[in-house]
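Asks: Quick one: the structure is below, and I'll ask about it shortly.
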Amino acid sequence: MFDSLRDKFQTVQEGITASFRGLSVADPPRRTQVDSSTVNYNAGADILHKYQTQWSELHKLAEENALRAQELDNVIGCLHQKFEKQWTDVGNIGSTLASVPQLLSSVQQLMEQIGALQGLFEDVEGALFQLEDMVETQDLQERQLDHRFQFALYKEKKLSELEAVRANLATEHADKVVQHELRQQKLLRERQDAFGQAFQQDVKEFKLSGSLPNKKKPGVDRGPSLEEVTLEPADTEELDKFLNDSE
């Protein structure tokens, strides 16, 4: 549009230039007798100055219009880009609004899935609590088994120690019993020897005097009397021998 205006101004300029050229090369007018007092010799110069001034103003206005047209073209270009962007944004908004129902449906499905996941999370949390309880119970049972095993080992150890103590005590008791029996046997042999000597003495006195002595001599311990003597199997043999001799 501004290019066409520029072309028109250029055409007008060319037309004015051609008209001045036509005036300069045209045939001179016929000379008529004119009163020199009424002739204005500066009329052509004034007309030329007027046309030049108007042309200068037109040229200046044309340049200003061209600058303003350029600025307007830039503004129109910016507005065009802006409107194009807005139109694109409006199209995007329209497509987005068109996809809103689908988006709402997707959001609803997501909410339902989130609810289902929440239920699953609660189930998993409950299962985890049960698993913790089971783990604690298992640990408690393992500790109980460990304590029982330790107690069994301790009991077995103490029983082995008790058996060892019993064996030692039994051995010591057996040794003591053997020693006691040996002492008793030694004591019995000593008593039997003492009783045998006393019996032999009484027998000799009985053979000599014909009676058993009843009194003890002062200062002499002769042992028990014949009535107090308990005859052992060996003593019965001596008694039988004595009776046979007396017969």
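The values are calculated or read from the model by the stated rules, or taken from the named source; none is laboratory data. On a predicted model such as this, the values are computed, not experimentally measured, just so you know. Cβ atoms come from the backbone with ideal geometry, glycine included; neighbour counts cover every protein chain shown. To get the accessible areas, we keep the full protein, side chains included, count just its heavy atoms, and leave off ligands, DNA and RNA. Shrake-Rupley method; radii C 1.70, N 1.55, O 1.52, S 1.80 Å.
Asks: So how strong a dipole does segment 80-215 carry about its Cα centre when Lys and Arg Cβ are +1 and Asp and Glu Cβ are -1, to the nearest 20 debye?
Replies: With only Lys, Arg, Asp and Glu charged at Cβ, the dipole is about 1700 debye.
Asks: When all protein chains stay in place, what accessible area (Å², nearest 10, 1.4 Å probe) is found for residue 191?
Replies: That residue has around 120 Å² of solvent-accessible surface.
Asks: What length, rounded to one decimal in nm, is gained on full extension from residue 197 through to residue 137, with 0.36 nm per residue of separation minus their alpha-carbon distance?
Replies: Net length gain for the segment: 13.0 nm.
Asks: Here's something else I'd like to know. So how much accessible area does residue 154 have, in Å² to the nearest 10, using a 1.4 Å probe?
Replies: Approximately 120 Å² of residue 154 is accessible to the 1.4 Å probe.
Asks: Can you tell me the length gained on complete extension of the stretch residue 146 to residue 170, counting 0.36 nm per residue apart and subtracting the Cα distance?
Replies: Taking 0.36 nm per residue and subtracting the Cα distance, the gain is 5.2 nm.
Asks: If we sort 116-122, 61-67 on the protection proxy, mean other Cβ atoms within 10 Å, highest first, what's the order?
Replies: Descending mean neighbour count gives 61-67, 116-122.
Asks: Could you work out what % of the accessible surface of segment 65-177 is carbon and sulfur, using a 1.4 angstrom probe and leaving DNA, RNA and ligands out of the count?
Replies: After summing per-atom areas, the C and S share lands at 62 percent.
Asks: Between residue 111 and residue 83, how high is the FRET efficiency from 1/(1 + (r/R0)^6) when r is the Cβ-Cβ distance and R₀ = 35 Å? Nearest 0.05.
Replies: Computed FRET efficiency for residue 111 and residue 83: 0.30.
Asks: Can I ask one more? For residue 99 and residue 65, compute 0.36 nm times the residue count separating them, minus their Cα-Cα distance, and round to one decimal in nm.
Replies: Gain on stretching residue 99 to residue 65: 7.4 nm.
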